[in-house]
Every structure is written in C-alpha cells, then in structure tokens.
Amino acid sequence: MATISRDNRGLRLAVRYLVLVLVALVFAFPLVFMIVSSLKPTAQLLSDTSSLRAFLPVGDISLSNYTAAFQRAPIGRFVLNSVFVTVVTVTASLFLCSLAAFSFTYLKWRGNGLLLSIALATLIVPFETIAIPLLLFVSRLPWLGLDGIEYGWLNTYRVQIIPWIADALTIFLFVQYFKDLPRELIEAARAEGASWWQIYRRVVMPLSGPVLATAAILKSLKMYNEQYLWPLIVVQDEAHRPIMVGLGYFFQLNVAWGEVMAYLSVITLPVLAFYLVLQRAFIASIASTGVKG
Amino acid sequence: MRKTSLFAAALLASAALPYAAHAQTELSMWYHGAGNEVESKLINQIVSDFNESQSDWKVVIESFPQSSYNDSVVAAALAGNLPDIIDVDGPVMPNWAWSGYMQPLSIDESIIENFLPGTKGYWNDELYSIGLWDAAVALYARASTLDELGLRRPTLEEPWTGEEFTAALKAAKDSGNYKFALDLGMNDQGEWYPYAFAPFLWSRGGGIVNRDTYQTAEGVLNGDAAIEFGEWWQSLFEEGYAPGTSETPSDQERGFIEGDFAFQWNGNWRAVATLEEVDDVVFLPAPDFGEGNYIGGGSWQFGISASSENPEGAAAFIEFALQDKYLAAFSDAIGLIPSTPSAAAMTENYAGGGPLEAFFALSEQQAQLRPVTPGYVVQSKVFTKALADIANGADVGDTLDAAVDEIDADIKRNQGYGHEG
C-alpha cells in the first residue's frame, strides 16, 4: 500500500510539473518567438510562422537584423529617454502619492473623504478623453528655465513626466496599505512627540516596502511600455521620443519584421533586467498584497 | 568723441554685415519618412541642396514615423506649433485644408503642367499640395500562369472585363495549383481598402460618396451598382477565390512570390522586390466591370501650413524639390512613380522598356483620386469597415445602407464640409 501511495504521489507530482511546464511554455512562447525571429531574415521569418520552426533558431541565423535596426533608428536614444522618464516619474510618484495617501489616511482635515473619492473617481476616466484638453493646457504652460520664463512644455522631458506623477491607482494602493498598518505605532509616535513628517519618514515608510514595490512595478510598466499617445502628441522632435513611438520607424510600406523583432528584443532588455534584479521583491510584494487583498 | 562713436559704429556694422548678408530665415519642415533610411537620405539631400542654393532660407527637417505622422500634425495644429512645410497624404489634404491647417500653395503652376494628375492636390479650385511621385496598383500575375490557364493577356486598351476577371479566378481555383486564386492584401485594414478596392466599385458606376455634391452617399454606396459590387466582393471569399480578413502579413508578403496565389492585387512599391524573385511577373491593368477601369491615385505631397509666416520661402523650397532629378532619384531609390514623363525617362524602372514602365501608364490613364472632400477621412474608415464586414459574410444591402447612414450623418454633423450643397 505504501508503494502504491508513493507511486501516486510521484504521479501527481509528475502531472503537476507537466501542467506547470506547459503553462510556462505558453507564457514563454511569445518571448522565444520574438528573440528567435529577431535572428532570421524577414522572408524566412514569415515562411517559418506556419510551423514550429518559428520557435527554433534554425535556418539562416545572424545578428544582421540588430545591425539594421540600429541603423534605422536611434534606439539607444529612445531607450534612454524611456528609462529616464520612467525612473523620474516613478520616483516622484512614489514620494508624492505616498504623501497624499498618508494625509488621506492619518490626518484629519475637512473634505478629506470627499477629495479621496474624487481622486479615486478619476480612475474611470480614460486618458483619451482628456488628452486634447491636456495638450492645449501644457502647450501654454510657463516654465522658469535658465533663459527666464518660457511658455509651452512641448518637446521636453517634463511634459512626459509631470502629468503622470500623481495618479489615483498609486494613491489608492498606498491608502489601502496604510489603513492596515497598526494604528498603535502611529499613536505611540505621536505620544513621543514625533511630527507627522517624522512619522511618515521614520515609521510608515520603513514598513511600506511591499506596497512601494507593487506601486513601482505597476507604474514602471505603465510608463515604459504604454507611453504612446501622449508622447506622440506632445513630442515632435526625435531627441525626446520614447521607445513606443520609435516602434513606428519599423513599419514602412514593406515591413522588415526581423528588424521589428530585433527592436522589440532590445527594448525588452531593460524590463527583463529590472525584473531579474528585483525578482524576489516582486514576488514578495505580490504575495504580501495578495494576502492583504 | 563723436568721431570715435561713429568709427565704433561703422566697425560694428562692417563686422556684422557679412553675417547679415548670409543670415537665412529658418523654415521648419515635417516629413513622414522616419525610419526609411533611403527616403530620409534623399529628402535630406534636397534640403541640403536647397539650403546651399540660396541665402534667404534654411530648411530644418524633422522626420516622423508614418504610422503616427497624421496624429502628430493634428495635435500640433491644435497646440499651434505646426511647422512651415508639411507633407500630407493626398486624400487627407482636403481635410487639413478645410480644417485650417494648410494654406494654398503659391507656386508657378506652369511647372506642374506635366505632372501626373494624382500628384496635384486641389481643394476648392486652389492648389494646396504637390507630390514628387504617385503610386499605382496593378494585378500581379506570372506570364506562365496566364499561358497555363489559357488566359489572354489584358492591356490598358483592352483590359479584362469583369466576367473575364472572375473567370480567370475560377480557372486558377479549378486548376488546383494554388492555395487561393487571388491575394487582395486583406490583412491591411487601413487606407489600403478604399485605395485598392474602391476602384472595383467605381468601375461598376458606384462610389463612396456622391461626387457631384459631396453631401450624401445615398444611391452611390448603396445603389444597384454598389449592391452588385458588394455581392461580387462577397463571392470572392465565399467561393474561396481569396483569403478573407484573417489573411496574415506573411501570406501577403510571400504568398504570390512562393506560388500560393495565382494573382495578387498589389501596389508598385512591392514590384521591385517581386521582380527579384519572380522572373516572369507581369503587371496587368485593373479589370473593367462596365463603367471604365480605375485604380486609386494620390500619394504623399508637400504643402504649406496655415500658420507659416514664410509661405514664400516654403513655396520656394517646394518648387526647388520638384526638379526632375529629384523625382527620378526618389523613384530609383524607393520604386515609386515619378510625377513627370521627363523624370520617368531618367529612371531605371519607368523609362521606356523599363521593368515598371507599365505602372506609369496605369497611373496616367487609370488613376482616379479618392473623393476630394474633407469628409473622406471618415468615409475611408466607414468604407473599410463595410468591406471587411461583407467579406466576413454580413448582408450586403444592410451593410451598405448602414455605411451610407454613417457617412451622411458625419457630413451633416460637419455642415456639409464646406461644399456648396
């Protein structure tokens, strides 16, 4: 009986692994397809799509698509622009949104609940509906630069950063997390004479690792992967274009699909590196917020 | 003291003079060719030649990806930072002119007398844009296929009739040698649909909108001719002559070359690549379904933005760019049809006896502009959706009626788009 039981356990384990491997393959296939295709000439790439060869590095394999892609577009500049905009926006967003959430959660002031409700209500407003008014707004905004006051934010980094710093989802994540922190800690700090700023900096934020990681991941992916419409309408010079607008360089009348895949592989690298470096924090944050949710 | 001041002023003036004499007023220019290395090189060469050819103007170019170019221009028009010179897709020009994004183009029109009709952008009887090239669509086939199927080779003077065309498709299908008889490029559900397929409708006497008034699509997009076209269109997919909207880019780019399709309805921009792989490819004119044989005309053109404070400089640049040597250089580099016969004679492909000579004649004799109305940008999308729906099996009459309603409602919403109803 014991042997049968052990066999059953082994079988169950094998089935479980088989299912997990299959699921992993489903998730890995697009990535594998992208990388493998980036190594093939366009004609072969298109021919291979009708068979499993699409996922295998076979046939005429080379790095020529990468060479051609770098010649076609200033990829390094696009990646740097996106990384810069993402890092600055996420950093500023984590700071300001956590401050806002701290105020909403711990401070008592008139209209607190109403303002939070209004902020959260903006979650249901699609960006497309406010894009044009926002464009008109930023195109006339003043800015104090080295040459004095200038008007209009178009063709700058700030126009890609500042409108995205405050967002309701990030505030909401922080508010939810702060609500679950033990109130006794805050009260004890107050009793000890700590200021609200000290409580924010020395008590609340050191305990907020998981929510910081979650908010950073969500915001980073949004800023790096999804910034298309806004930069398209507010950035007209190549020097400030982000990666998603740069993708358009590869869609000519005759699309060089191999180069498209090479470009996608290159711009995916920072995201992959970001994930690999912070893998443990990601999993911890997801597990943590999942338990709380 | 006074003498010293005068001397100093004279010295300053003399020092500044050489710079003043060479100070060029900057003209900004936007172009849709970012990412197209060859095209960018050519346009930059023209800009550089122009800047060196005179001392009044200096053009500074900014290139955009074609896929997002129109959105960038419209956004810039709203934000009030359009450049002096823009390029514009031919059928979109009336919309931009009507919307106040462009101003009439003041150039010596005797220069463009010999230009292909599709390269001239007129709106309200005024020239707004002019193109260095045009594009054309043809029916790609192999000479060997025509022989094997026993089909006569159609000419511009004697194109296939609609019946002959359909019979050719049937013969190709019945031969069993091909996956499909015809590749229409159904995967590309953008401007390709009205550009490539509206000519089949025109050839039956229908249209996307009534061109007499531009106030309604009633009767032209859902009249007898349009219904007949819609039923024929649907039959192409029901009979299995052509793959439907699920066609992949791979099918479109490789299918004809690899022999999966007997015929391909495609533009001249694919002709050079096809010639490299298919020795006996022939480019056949559009069939005539009874009311003439047509292809779409109008490609990218240059114009001047309404907000330009230097229209004379912008016009000077555009005139400069219209030289035959540049038209020919563009054609040789990217395969498009040069705007003039004299430039065509200078090219490798379109000169007499050249492999693409047929396309020049097609453009000259068969090209018809898509509806010249600001409403076209909406009509184009409505038409595309209707054709995709019909290809997917929707009822022809109902679909075309709905398309007419949508187009008419849009025209009404925009107070007739400036046409005198």
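Every number in this text was worked out from the coordinates using simple rules, so none of it is lab data. The model shown is predicted, which means the values in this text are computed figures rather than measured ones. Neighbour counts are summed over all protein chains in view; Cβ atoms, including those assigned to glycine, are modelled from backbone coordinates with ideal geometry.
What is the helix-to-structure angle for B:324-334, meaning the angle in degrees between its Cα long axis and the longest Cα principal axis of chain B, kept from 0 to 90 and rounded to the nearest 10? Roughly 50 degrees between the two axes.
Computed on the Cα atoms alone, the convex hull of the stretch B:275-383 gives a volume of 160 cubic angstrom per residue. Taking the Cβ-Cβ separation of B:Glu109 and B:Ser307 as r and a Förster radius of 22 Å, what is the calculated FRET efficiency to the nearest 0.05? Once rounded, the FRET efficiency stands at 0.40. Other residues lying with their Cβ under 13 Å from the Cβ of B:Pro199 contribute a combined charge of 0, Lys and Arg counting +1, Asp and Glu -1.
Dividing the convex hull volume of the alpha carbon atoms of the stretch A:75-250 by its residue count gives 151 Å³ per residue. Calculated translational diffusion coefficient of the stretch A:130-217 (10 °C, 1.306 mPa s; Stokes-Einstein with Kirkwood radius over alpha-carbon pairs) equals 98 µm²/s.
Along the stretch B:71-77 the Karplus relation, 6.51 cos²θ - 1.76 cosθ + 1.60 evaluated at θ = phi - 60°, assigns HN-Hα couplings of 5, 5, 5, 5, 5, 5, 5 Hz to successive residues, with x for each Gly and Pro. For chain A, complete DSSP H runs whose alpha carbons reach 24 Å or more along their own long axis and whose mean Kyte-Doolittle score is -0.5 or higher are A:2-37, A:75-106, A:257-277. Using a simple spin-label model with pseudo-atoms 7 Å out from Cα toward Cβ, A:Leu80 and B:Glu218 lie 6.1 nm apart. Building the convex hull from the alpha-carbon atoms of chain B and averaging its projection over directions returns 23.7 nm². Evaluated with a Cβ-only charge set (Lys, Arg +1; Asp, Glu -1), the protein assembly as shown carries a dipole of roughly 5120 debye about its Cα centre, given to the nearest 20.
Above 50 Å lies some portion of the pair distances; for the protein assembly as shown, what is it as a whole percent of all C-alpha pairs? So the portion of pairs separated by more than 50 Å is 27 percent. Note on chain B: with charges restricted to the Cβ of Lys and Arg (+1) and Asp and Glu (-1), its dipole about the Cα centre is near 1360 debye.
Taking label positions 7 Å along the Cα-Cβ direction at both B:Glu420 and B:Asn124, the computed distance is 1.2 nm, reported to one decimal. With R₀ fixed at 41 Å, the C-beta to C-beta distance from B:Ala409 to B:Ser53 puts the FRET efficiency at about 0.25. For the stretch B:30-143, what is the Kirkwood estimate of the hydrodynamic radius, computed as the reciprocal of the mean inverse distance between distinct Cα atoms, to one decimal in Å? That comes to 16.0 Å for the stretch B:30-143. Counting Cβ atoms of other protein chains within 10 Å of each residue's Cβ and taking the mean over peptide B:67-75 gives 5. Between A:Val271 and A:Glu187, the modelled labels are 4.6 nm apart [label points 7 Å from Cα along Cα→Cβ]. Only one residue of A:Val87, A:Phe274, A:Val234 has its Cα farthest out toward the positive end of the dipole of chain A, where Lys and Arg carry +1 and Asp and Glu -1 on Cβ, and that residue is A:Phe274. Overall, the stretch A:75-250 carries a charge dipole of about 340 debye about its Cα centre when +1 sits on the Cβ of Lys and Arg and -1 on the Cβ of Asp and Glu, all other atoms neutral.
Other residues with beta-carbon under 13 Å from the beta-carbon of A:Phe102 carry, at +1 per Lys or Arg and -1 per Asp or Glu, a net charge of +4. Dimensions of the stretch A:1-139 from C-alpha coordinates, computed as largest minus smallest value along each principal axis and given longest first, are 66, 64, 26 Å. The Rg/Rh ratio of the stretch A:150-200, with both radii computed over alpha carbons and Rh defined as the Kirkwood radius, is 1.26. Relative to the compact-globule estimate of 2.2 N^0.38 Å, the Cα radius of gyration of the stretch A:41-118 comes out at 2.14. Amide H to amide H distances under 5 Å link B:Val282 with B:Ala141, B:Arg142, B:Ala143, where only residues 5 or more positions off or on other chains count and H is placed in the peptide plane. Projecting the Cα atoms of B:Gly150, B:Ala388, B:Tyr178 onto the charge dipole of chain B (Cβ charges, centred on the Cα centre) puts B:Ala388 farthest toward the positive pole. Ranking A:Ala131, A:Gly193, A:Ile217 by how far each Cα lies toward the positive end of the dipole of the stretch A:75-250 (charges on Cβ) leaves A:Gly193 at the top. Couplings 3J(HN,Hα) for the stretch B:175-191, derived from phi with the Karplus relation 6.51 cos²θ - 1.76 cosθ + 1.60 (θ = phi - 60°), are 5, x, 8, 10, 5, 9, 6, 9, 9, 9, x, 5, 5, 8, 8, x, 5 Hz, where x marks Gly and Pro.
Straightening the chain between A:Ile118 and A:Leu253 buys 44.0 nm, computed as 0.36 nm per residue apart minus the Cα-Cα spacing. Summing charges over neighbours of B:Gly255, with a neighbour being any other residue whose Cβ is under 10 Å away from its Cβ, gives -4 when K and R count +1 and D and E count -1.
What angle do you read, to the nearest 10 degrees and between 0 and 90, between the alpha-carbon axis of helix B:192-202 and the longest principal axis of chain B? Computed tilt is about 60 degrees. On full extension, the segment bounded by B:Asp398 and B:Asp279 gains 38.4 nm, given 0.36 nm per residue less the C-alpha separation.
Taking 23 Å as the limit for the C-alpha separation, the pairs B:Lys120/B:Lys325; B:Lys385/B:Lys412; A:Lys222/B:Lys41; B:Lys120/B:Lys412; B:Lys179/B:Lys381 exceed it in the case of A:Lys222/B:Lys41; B:Lys120/B:Lys412; B:Lys179/B:Lys381. Amide H to amide H distances under 5 Å link B:Asp89 with B:Gln301, where only residues 5 or more positions off or on other chains count and H is placed in the peptide plane. Rounded to the nearest 10 degrees, the inclination of helix B:224-238 to the longest alpha-carbon principal axis of chain B is 70 degrees.
Residues of the stretch B:390-415 with amide nitrogen under 17 Å from the 7 Å Cα-to-Cβ point of B:Glu231? Of the residues in the stretch B:390-415, B:390-391, B:393-401 have backbone N under 17 Å from the label point off B:Glu231. For the stretch A:193-293, the spread of Cα coordinates along the three principal axes comes to 67, 29, 22 Å, biggest extent given first.
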